[in-house]
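Undergrad: Structure below; questions to follow.
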Amino acid sequence: MKKDSIYAQPKQLVADFTFDEKVAAVFPDMIKRSVPAYQQMVAYTGLWAERYAQPNTNLYDLGSSLGATSFALRGRVAAAGCRIVGVDNSADMLARARQILAIEPEGIPVEFVEADIRAIPIENASVVVLNFTLQFIEPAERTALIQNIYDGIVPGGILILSEKVVFSDAAVNRRMIDVHHDFKRANGYSDLEIAQKRTAIMDVLVPETLEAHKQRLLACGFESAETWFQAFNFASVVAIK
Ligand code: GEK
């Protein structure tokens, strides 16, 4: 696993974060050292899928990056006739995801599609996963995306939504950010790396509160929306149709 040192040296100007080849090359290391309990949460997404996948339906991994979630779903889902569709708009991420798929071909079919998740049809889905992806969509466009997902989910199907979140109480929010930075320091990131990354994602990753996410899910028609996992300011919600 190649080490992420993208922000290790001081930069004159920190550009907005993009999912390019440099990021794709270090992504497994970057996400593991940046998102608390990422591997555990992705693995547990597979358990949700195992229980809620319905025969002859589609399972979507939206913002699939290198396919970690797609592979977690494939590792657990046993329902007959299912297929997994991973969607990402970064060609660099997809190229690597397809390489991994080529060396791990066993299991239910997985297809990686290069597309914008705001522009794809969601059809006959029993499980849809948005693991740390909605946060990169313009806030004004989030409801339309969730509505499109809801409309494409079959009755009894689920959406798993994992996000970096903020807290409406400023003191609580500060505490969570501080401990998240402690987590990154404990994983070997320097204060410079933490600060430069923070600048790079400031306008790109727009977090919302858990309450805002749940309200949107319910407003789009989901019957329930409950937090099932949280580590500091990173949380996951399961919404049931
Ligand atoms: C995982 N889910 O390992 N359309 C398609 N893809 C997009 C869009 C868009 N509009 N915007 C961003 N992406 C993964 C991790 S990473 C999270 C997801 C992170 C893609 C982007 O190219 C990137 O691959 C992914 O969403 C977000 O479980 O880096 O914090």
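The values are calculated or read from the model by the stated rules, or taken from the named source; none is laboratory data. Not measured: the values here are computed from a predicted model. Note that we place each Cβ from the backbone using ideal geometry, even for glycine, and neighbour counts take in every protein chain shown. These area figures cover heavy atoms from the full protein model, side chains too; ligands, DNA and RNA do not enter into them. Shrake-Rupley method; radii C 1.70, N 1.55, O 1.52, S 1.80 Å.
Undergrad: On average over all directions, what projected area in square nanometres does the stretch 89-141 have, based on the convex hull of its Cα atoms?
TA: Numbers: hull surface 18.9 nm².
Its Cα hull, projected and averaged over all orientations, spans 4.7 nm².
Undergrad: What lysines could a cross-link reach from Lys197, if we take a straight Cα to Cα line under 26 Å and drop same-chain neighbours fewer than 8 places away?
TA: The qualifying lysines are Lys2, Lys3, Lys11, Lys22, Lys32, Lys164, Lys184.
Undergrad: Also: Please state the shape class of the stretch 73-212: rounded when a/c is under 1.5, otherwise prolate if a/b exceeds b/c and oblate if not, all from the C-alpha gyration tensor.
TA: Working: a/c = 2.04, a/b = 1.49, b/c = 1.37.
Prolate, because a/c is 1.5 or more and a/b exceeds b/c.
Undergrad: Does anyone have the angle between helix 21-34 and the longest principal axis of the chain? Alpha-carbon axes, 0 to 90°, nearest 10?
TA: The angle comes out near 90 degrees.
Undergrad: Give me the percent of the accessible area of the stretch 87-208 that comes from carbon and sulfur atoms, probe 1.4 Å, all protein chains in place. Kindly include the intermediate steps, with their values, before the conclusion.
TA: Working: 3100 of 5700 Å².
Solvent-exposed carbon and sulfur of the stretch 87-208 make up 54 percent of the total.
Undergrad: If you fit an axis through the alpha-carbon atoms of helix 210-219 and take the longest principal axis of the Cα set of the chain, what angle between them do you get, 0 to 90°, nearest 10?
TA: Value to nearest ten degrees: 30.
Undergrad: Same structure again: Amide H neighbours of Phe229 under 5 Å, at least 5 residues apart or on other chains, H built in the peptide plane: list them.
TA: Ser236
Undergrad: Here is a follow-up. For Ser224 and Ile100, calculate 0.36 nm times their separation in residues minus their Cα-Cα distance, and state this gained length in nm to one decimal.
TA: 41.1 nm
Undergrad: For the residue pair Thr18 and Ala119, what label-to-label distance in nm results when each label sits 7 Å from Cα along the Cα-to-beta-carbon direction?
TA: Between Thr18 and Ala119, the simple spin-label model gives 1.6 nm.
Undergrad: Counting DSSP beta bridges in the chain, what percent are antiparallel, to the nearest 5?
TA: Details: 14 of 36 bridges.
Taking every DSSP beta bridge with both residues in the chain, the antiparallel ones total about 40 percent.
Undergrad: Over the Cα atoms of the stretch 1-129, what radius of gyration and what Dmax do you get, in Å?
TA: In Å, with Rg to one decimal and Dmax whole: 15.6, 54.
Undergrad: Could you state the number of Å between the C-alpha centres of the stretch 141-216 and the stretch 34-48?
TA: 15
Undergrad: Now, a different point. In square angstrom, what is the accessible area per residue of the chain with a 1.4 angstrom probe? Show your work: numbers first, answer last.
TA: Values: 11140 Å² over 241 residues.
For the chain, the per-residue accessible area is 46 Å².
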